[in-house]
Structures are given as C-alpha cells and as structure tokens.
Amino acid sequence: MFPILSVPSKNSMPNQPRRGFTLIELLVVIAIIAILIALLLPAVQQAREAARRTQCRNNMKQMGLALHNYESTFTKFPASGEFTAAAGSATPYRSFTATSTYTQMLPYIDQAPLYNSFDLNQHYTAAGANRTAAKTAIPAFLCPSNGNTPADNAATPVATTGYGKTDYMPVAYTDLTDTGARGNGACPGPTCRSTWDRDSVLGFHNGMRDCTDGLSNSVAIFEANGRTQTVVASSYALGQVFNGSSAAPTVANRGIFPGTDNTQTNGGFGGAGSVPGRWADPDSGSGVSGEARAAGVATKGVINQNKTPNGGPTTCPWTTNNCGPNDEPFSLHTGGCHALLGDGSVRFVSENIDTQTVRMLSSRADGGIVGDF
C-alpha cells in the first residue's frame, strides 16, 4: 500500500510576498522618465529644426536654378517686382513691374500650367483665373520654420483672402549708405555713392552682364520669414504698376505693356494697396534698408533686426515698414537667415554681419569688395 500524503491546508501555507512597486519606487521611475524626456526633447526639436532649415535652403536652391533657367531663356533675370526709377527721378523707389518675381519664375519650378492660367494684362487680384491662380499655395515659396505668419486678412482694396504666401524677398535695391545710415537719395559726403548704383541682381530685368560685382558677391533673394499679411496702403497704386509712376511714367511699364494700358479698370481695383507676403504681389520684392533711423545715424543691424520680442518692440513693431520681417532680411532660424546669391548658391548669413557687407551684397554694381562673410 502507498502511504497517504497529507495536503497542508491553505491556512497552513507560508505567506508569499506580493510582487509590485511601492509608491516611492513608482515616483522614482516617473522622475527618471521625466528627466530623460527633458534631455531628449531639445535634441528632437533641434533635429526637426535642422530638417526644416535644410528644406528652406533647398527651396532657395530651386529658386536659384529657376532664375538661371529664366536668364538662359531671356538673357536677363526676372524683375524684382519693385525697382528703382531712373536717375534724377523725384521718387526713386516707387516704380513696379506688373508681375512678381515668383510669377515670372513659375514655368521654371514645374508650375507652367499655373503660369499659363494667368492673364498678365491684369492685376493678380482680378476676379477669375488670376485670383484663383494667385491663391495657390506653393511649397517652394514657403519656409517650414515659419509658424508665425498670420492668415491672409487683407482689407481694402482687395477684401478677399486666402492668397498664396511667400517667406522670401527678392532684393530690389539697397539704400544703406557707405556710412551705415539710410541714404534715401540724400547721402552726404564723397564716399556716398548714388542710389542708382545700388540696384540688385534682379532689379528691373538685369542680365548677368549687368552684375559687375560678380554673381557670387550679390544677393538675389533673402529670407523674409514671418511677414504680416495686411495691406500696405502707401506702397503702390495699381496705376503705377500698369500705367507708370507719375514721377517716372516711362519706367514702370517699360518692357511690360505697350503705351498706356489701363488695366486698373480691367481688374476693377483702384487706389493703393499691396501685400508683400503674397507670392503673386509685385511688392513681394523690396529694398534692403534697415530700421528707419535719423539722418546720419547708423542702423542697429540689418539681418533679423528687432527679432525679439515676437512682433517687435514698441519702437519698431513688425507691422511697420522695414521693421523685423516687414520688407527686410529676416528668418525664424537661430542666428541669421538664408540668402540666395546670384550664382545660384545659398549661404546662411549671420545676424551679426557687418552692415556694410550687407549693403555691398545687396548691390550688383557698387564696386565694393565683399570678402568672406
């Protein structure tokens, strides 16, 4: 016979320890995880910004190729939209072409169908095909680092909204003087060169032969990342675009429209108004001027000026012309902004760059020696 084995009762079994975390252990684990996240999050953000910055640079590189393909076709670069008038004009900065730099380069960035839908005899805000085309968002014209630009909310004279935006600024001219002040055509002293020597690579349909400083020493397009989307009422009147400025009536429409093509009535928009942040607006190009200062007083920097606080200080809010990103080189990257040179290369320009170097880079024929930057 087999022995009978007795099974211990439940109550007689030894107590087994329960497995789990104590409250202190749980808090320690949470603290460790929080520390790791705090250490890793900046690195992740930096990696994302590096990718955005690279995309922004690639956008400008594509624009550089487009500019050169345009020049190969027409033996001149696209116009900057805004440009200086002829020497001797009473108002040197108030002449405009009928189309923006970006509209002109559309066929060379794989946007030929969009370009062909435009009626170039009318303003981009004209009801119908022009307005529809101009409301197209084009990724190549946008910097992914820009999370600051508000929605398009222009009022009079164009009450509709939703136009495609741009985060880049074709350089039209510079009115920075040899002394670091803003000249505005009245710079004193023998070293102050005329405003007319400060036309840019793009300017009004300049060709490579016109860029005597060298294309690698001249900026065609700066970032202007974060511009406002409101109307600049005093910037230009549509009559200036299509009929010529009263100060220089034969300059504003040269090579664009024959005679006195009054498209102001065709488009149905009168009065003044431009929105520099729209890629289709001729005023998306601008001069490099720096913050407005008293005559003879040097500017306090040109690249990313008045970057903090967000929106600008009360002395120079971003809604004011030439403050922050409003018609000036500006980016939301750290330390500077990108610049597309005339030779098609892209450089990151430090916000601590000397003002005189920016002045020479913004001109195609001032004869200055740029050096390393």
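Nothing in this text is a laboratory measurement; each read-out follows from the coordinates by a stated rule. For clarity, every value in this text was computed on a predicted model and none was experimentally measured. Here the Cβ positions follow ideal geometry from the backbone for every residue, glycine too, while neighbour counts run over all protein chains shown.
What the phi angles of the stretch 59-72 give under the Karplus curve with 6.51, -1.76 and 1.60, with θ = phi - 60°, is a coupling list of 4, 5, 5, 5, 5, x, 5, 5, 4, 6, 5, 4, 5, 5 Hz, glycine and proline written as x.
Remark on A220: its backbone amide H falls under 5 Å from those of L340, L341, G342, a criterion applied only to residues 5 or more positions apart or on other chains, H modelled at 1.01 Å from N. Sequentially through the stretch 338-352, phi angles give Karplus couplings (6.51, -1.76, 1.60; θ = phi - 60°) of 7, 9, 8, 7, x, 7, x, 7, 10, 10, 9, 9, 5, 6, 9 Hz, Gly and Pro residues having no value and appearing as x. Coupling constants for the stretch 328-334 follow from the phi torsions by the Karplus curve (6.51 cos²θ - 1.76 cosθ + 1.60, θ = phi - 60°), and in residue order they are 9, x, 6, 8, 9, 6, 8 Hz; glycine and proline get x.
With a Förster radius of 25 Å applied to the C-beta separation of D372 and T308, the computed FRET efficiency comes to 0.35.
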